[in-house]
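Below is one structure, written out as structure tokens, with a few remarks after it.
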Amino acid sequence: MKLTHIAVAGLISVSALAVSIVSFAHPVYDTDIVYFSDATMTTVIGESEVYCTGASSSWGSTSLFKKIDQTSCDGGGRGNCSPIGCENPNP
């Protein structure tokens with residue numbers, strides 16, 4: 001009986017650890033989506049971005065007209081900057 005309790009407690013501990021690791025995983029890509037007002041894609045109406053740090057930001061509106069830019073987070077990324085701005089830019 002005691003062995004069963006130890007096995008169950010161990011399984012619960014391993015499961016909790018696996019959930020913790022997954023919840024803190026960072027994205028593989030910095031993904032920036034810029035939204036435009038129409039098919040000419042000249043007027044920006046909004047943007048959303050998921051940064052390599054796992055943080056995200058967005059502003060404006062979304063639409064069907066969008067440009068998606070992904071940059072690898074393996075050291076070649078832009079950090080927290082998108083084509084039209086930065087999150088917490090350094091002076």
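Exactly one residue out of Ser58, Ser13 is on the phi < 0 side of the Ramachandran plot and modelled with pLDDT under 85, and it is Ser13.
Among (1) of a type in the set (Val, Ile, Thr); (2) within 12 Å of the chain's Cα centre (by Cα); (3) modelled with pLDDT under 50, which single condition is Val50 missing? Every condition holds for Val50 apart from (3).
Within the set of pairs 6 or more residues apart or between chains, which connect a residue that is within 18 Å of Thr71 (Cα to Cα) inside segment 32-50 to a residue that is among the polar types (S, T, N, Q) and part of a loop (DSSP other than H, G, I, E, B) with Cβ atoms less than 9 Å apart? Going by the 9 Å Cβ cut-off, the qualifying pairs are Ile33/Thr62; Tyr35/Ser61; Tyr35/Thr62; Tyr35/Ser63; Ser48/Thr62; Glu49/Asn80. Considering only residues in segment 64-76 that are assigned to a loop (DSSP other than H, G, I, E, B) and surrounded by fewer than 14 Cβ atoms within 10 Å (Cβ to Cβ), the one that is farthest from the chain's Cα centre (by Cα) turns out to be Leu64.
The values are calculated or read from the model by the stated rules, or taken from the named source; none is laboratory data. Keep in mind that what you see is a predicted model, and the values were worked out from it rather than measured. Methodologically, a virtual Cβ is constructed for each residue, glycine included, from the backbone with ideal geometry; neighbour enumeration extends over all protein chains shown.
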